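A.B. asks: Have a look at the structure that comes next, please.
Values quoted throughout were computed directly from the atomic coordinates according to the rules given, and no laboratory measurement underlies them. Quantities reported herein were computed from a predicted structural model and do not represent experimental measurements. Virtual Cβ from ideal backbone geometry, glycine too; neighbours counted across all protein chains shown.
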Amino acid sequence: MRVRVKVNTQAAIKLGREPRGEEHVEVDLQKLTPEQLEELAHTEQDGSGSSRTGDTLYLPGGEATEEAVASYLSEKAATRRQDEEAHRLKVEKTIVEFLTMKQEEFNMKVFFTNADYEAVADPRLAERMQARNAWEAEQAAEKEAEQRRLEVLRAEVERKADEENARRADEAAAWIAEHGSERLKLAHQGGYKCTRLYLQERVALELGADWGVDTADRADWEEKVNPSLEALQMVRDLPEGYEGEVVWLTEGTQRDEYGFLPCEALKVRLPYSRHVALRAM
């Protein structure tokens, strides 16, 4: 799912990253928590799966990455929980004050005769119980409404994910028919799973043979400080539709019994897949 974001200009400059205004970040919905999905749903989406104008996520950091979006959604969810907790405490305080007032009124009856006391005690206790029961009923109704809202939200997120998967499958079929190798075409026509082969061939054709695709989600990286001129120029010259960044690659896409040597690399989020393409410098 593509999300429209805008990073903090000063933070981007400090990281040596040229601010680009609004950018799109590919977000894997399966990796988000229910709270993050709930916050993401507040940003209405149009039919193409991209955030509409006015629904841009303003990230406080300088990087437009999936991790930055997830962190932003977590912070928004935490703020929302704090607001809800503050509201709950306010309601609870009001109820306590109400019951305290009723208790004080009830205590005044100790000055009455025993007959008067008995006549007043039961109605006062009944009022307190009535107020408590009303509050509990209100809380139960709010909880039920919230559960229904989350179910609707979850169904909507799943529907959009299914639509995006179907769109990507149609796009892959069209690309394979036009550009795929004979092996890839035969595998696709035969109904075999060939996502890795498709991505490798497409990336090799559109980015270059020295790029790899992390289909196993094995690679890992960190922020790259002081990137090289060559890497920055390659990011700038990426083909239309591709957005990338320079990173410090700490784990490669393949397992190596001799260990992996960290290095500067380019990372590109593929617009037609949830995976990333990587190129060591």
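A.B. asks: To the nearest 0.05, how large is the calculated FRET efficiency for GLU75 and LEU229 if R₀ is 35 Å and r is the Cβ-Cβ distance? Can you show the working numbers first?
C.D. replies: On the way: r = 35 Å, r/R0 = 0.99.
The formula returns an efficiency of 0.50 here.
A.B. asks: Modelled label-to-label distance, ASP217 and LYS6, 7 Å Cα→beta-carbon offset: nm?
C.D. replies: 3.1 nm
A.B. asks: Report, ordered by chain and residue number, the lysines lying within cross-link reach of LYS93, taken as a straight Cα distance under 18 Å and ignoring same-chain residues fewer than 8 apart.
C.D. replies: LYS102
A.B. asks: Stretch GLN103-ALA161 to full length: gain in nm at 0.36 nm per residue minus the Cα-Cα span? Walk me through the numbers on the way to the answer.
C.D. replies: Values: separation 58, 0.36 × 58 = 20.88 nm, distance 5.50 nm.
Extending this stretch completely gives an extra 15.4 nm.
A.B. asks: Still on this model: Rank the residues THR33, THR65 as a footprinting-exposure proxy: fewest other Cβ atoms within 10 Å of their Cβ go first. Numbers along the way, then the final one.
C.D. replies: Values: THR33 12, THR65 22.
Ordered by Cβ neighbours within 10 Å, fewest first: THR33, THR65.
A.B. asks: Checking the cross-link filter: which lysines have an alpha carbon closer than 17 Å to that of LYS193, excluding same-chain neighbours under 8 positions apart?
C.D. replies: The qualifying lysines are LYS185.
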